[in-house]
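Some notes on the structure that comes next.
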Amino acid sequence: MERPLTEHIHPDRPPFNIKEYEAVGGYAAVRMALKEWSPKQLQQAVQESNLKGRGGAGFNTGLKWSFVPMDGNAAQTKYVIANADEMEPGTFKDRLLLEGSPHQLIEGMILAAFAIQANTSYIFLRFAYKKAARILRESLQEAYDAGYLGKNILGTGFNLDMHLHTGVGRYMCGEETALLNALEGKRATPRAKPPFPQVSGLYGKPTIVNNVETFCCVPHIVNKGAAWFRSLSKSEDAGTKLYGVSGKVNRPGIWELPMGVTVRELLEEHAGGMRKGLGFKGALPGGASTDFLTSEHLDVKMDFKSVAEAGSRLGTGTMIVLDDATCPVGFVHNLQHFFAQESCGWCTPCREGLPWVEKILLSLENGEGREEDLDLLKMHTDLLGPGKTFCALAPGAM
């Protein structure tokens, strides 16, 4: 089984420096693409690979890049941004890549910048990832010293500066337009769309925002081809995926596996099943903002389409398991406390509704609930549901 993203990540040693990364094929994709390919060819290769965004949206990455204006009248200033905020409860996949293979991310971002002809890029990093920040700073300096960043990269005439930006630490910064506002020094509130960032993003210029794992896939697509990337999967969604499991299982952790493994395989083979004396009650398949899957869904494939058909979302692919000895009300209250705290306060339903939901659940947990509380919760799941709020935070919480 091929594991291109994590093949060279080992917990008992530091990440590869640039020389070690080059020795295993690192930056070969940059050297080839910048010297032999056109930006359109690179966009097309990524689009044909069917790489879908690994941050949760699941949109075709190459198609997203193709929305950036590229004609002669297009804006000269463009931006590429890595969303490394990763504040979704239960999600820890990007941390593995940031701390274990920083040059893989940098290489993927260089390729993305070349594909849309951007000359400035940012890694927007979660404030708490102190180790990742240190490693990225060192790796960025190595990339500059080796000529992969800066002016006239590899003598091709292409210029790219890459900056590490440490966010102040709000869940809302994971939403791409709120992230853009935060980068501009504003309050991290979402923007109205359209216009979409590909046309009017950072400082009003065309901008691509992708997840860390998404960028890390790109060098391998360039090196081995779109057909190879599609062949790695067990489903129509291409490539491998970083899947995680947390909760009361025997081996909580994270694994790179073919896209489309089942919930059962993740839970039983990789996570070692439930701890002794505990049973499986349900799971959030892709972080705190996804809907519960139950025992009837154990054979559902963990890909975007299959999980959606089961009534949930793949999200980040990091499963939070609920066991039969943990109170579901307390479990959900803990998550709602987080969402209420992280609301940006921009729209009334989210700002007022989430604290209300949290208080209702707390009263139920404390044995002070009333029959009508269930009707209030049902009302909130409608009033804070999809299409009723400015962004997806409240619908995810509901």
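Whole-Hz Karplus values for the stretch 187-193 come out as 5, 7, 10, x, 9, 6, 10 Hz, taken residue by residue from phi with 6.51 cos²θ - 1.76 cosθ + 1.60 and θ = phi - 60°; glycine and proline positions read x.
Please tell me the relative contact order of the chain in percent, rounded to the nearest whole number, where contacts are Cα pairs under 8 Å and at least six residues apart. Here the relative contact order equals 16 percent.
With a cut-off of 12 Å on the backbone N, the residues of the stretch 330-360 near the modelled label site 7 Å out from Asn366 along Cα-Cβ are 359-360. For the chain, modelled as a GNM whose springs connect Cα atoms under 10 angstrom apart, the maximal fluctuation among Val329, Val261, Val80 occurs at Val329.
Across all directions, the average projected area of the convex hull around the alpha carbons of the chain is 19.5 nm². Relative contact order of the stretch 18-231, taken over Cα pairs closer than 8 Å and 6 or more residues apart, is 31 percent. Computed over the stretch 1-129, relative contact order equals 33 percent, with contacts defined as Cα pairs under 8 Å that lie 6+ residues apart. Within the listed set Tyr148, Tyr79, Tyr203, the residue fluctuating most in the Gaussian network model of the chain (springs between alpha-carbon atoms under 10 angstrom) is Tyr203.
The distance linking the stretch 8-58 with the stretch 75-109 is 12 Å (Cα centroid to Cα centroid, whole angstrom). Restricted to Cα atoms, the stretch 249-398 shows a radius of gyration and a Dmax of 16.3, 46 angstrom. Dividing the Cα radius of gyration of the stretch 328-397 by 2.2 N^0.38 Å, with N the residue count, gives 1.04. In whole angstrom, the stretch 35-132 maps to an equivalent ellipsoid with semi-axes of 26, 15, 13, each derived as √(5λ) from the alpha carbon gyration tensor and ordered largest first. In this label model, Gln341 and Asp382 are separated by 3.1 nm, measuring between points 7 Å along each Cα→Cβ vector.
Ellipticity at 222 nm from helices only: DSSP H runs of n ≥ 4 in the chain, each -39500 (n - 2.57), divided by the residue count, give -11500 deg cm²/dmol. Placing R0 at 22 angstrom, the Cβ-Cβ distance between Asn17 and Ala128 gives a FRET efficiency of 0.35 after rounding to 0.05. Pairs spanning more than 28 Å between alpha-carbon atoms, out of Lys93/Lys234; Lys205/Lys301; Lys78/Lys186: Lys205/Lys301. Geometric descriptor of the stretch 18-231, per residue, is 117 Å³ (volume of the convex hull of the Cα atoms).
Only the coordinates and a few stated rules stand behind these numbers; no lab work does. Everything numeric in this text was worked out from a predicted model, so none of it was measured. Here the Cβ is made from the backbone with ideal geometry for all residues, glycine too, and neighbour counts use every protein chain on show.
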